[in-house]
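*Asks:* Attaching a single structure in structure tokens format; questions to follow.
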Amino acid sequence: MDVDPLAIRSAQKNASLNNIGAEELQLLLVPTKDNRPITDEVIFGGVEGQNLSGTRVISETEKYDVVIANILLNPLLDLADHIVSFAKPGAVVGVSGIISEQVWL
């Protein structure tokens, strides 16, 4: 899951380069209040051969057993409630991407 359509596209490309098919990797776009409608035209400006085929925008009501956020501290703090809203009760929520300069000792 990601909030950035370009990250989804990059993950698709990396999966393809590593011979990982759609049946092995599910890529989901998380809606945010800041997202514009997601279309290939918006993302790629109509660049031929680039699309988000097979990518599903998840519903805000869907819940998961594991939710991972790999982002810097400030966006993590801003999005914390949104991130946790996708977790089932008792789910594991993991965070990474916080750099050492952002850790308060």
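*Asks:* Return yes or no: is Ser53 among the small types (Gly, Ala, Ser), open to solvent by 50 Å² or more (accessible area, probe 1.4 Å) and either at pLDDT 90 or above or within 24 Å of Arg9 (Cα to Cα) (or both)?
*Replies:* yes
*Asks:* Still on this structure, please answer the following. Within the stretch 61-105, can you find the residues that are assigned to a loop (DSSP other than H, G, I, E, B) and loosely packed, with under 11 Cβ neighbours inside 10 Å?
*Replies:* Scanning the stretch 61-105 gives Thr61, Ile99, Val103, Trp104, Leu105.
*Asks:* Ala87 fails exactly one of the following numbered conditions: (1) at pLDDT below 85; (2) in contact with a strand residue (DSSP E or B) (Cβ under 6 Å, 6 or more places away or on another chain). What is the number of that condition?
*Replies:* Unmet for Ala87, out of (1) at pLDDT below 85; (2) in contact with a strand residue (DSSP E or B) (Cβ under 6 Å, 6 or more places away or on another chain): (1).
The values are calculated or read from the model by the stated rules, or taken from the named source; none is laboratory data. The structure presented is a predicted model; accordingly, all values stated were derived computationally and were not measured. Neighbour counts are summed over all protein chains in view; Cβ atoms, including those assigned to glycine, are modelled from backbone coordinates with ideal geometry. We work out accessible area using only protein heavy atoms, side chains counted, and drop any ligands, DNA or RNA first. Shrake-Rupley method; radii C 1.70, N 1.55, O 1.52, S 1.80 Å.
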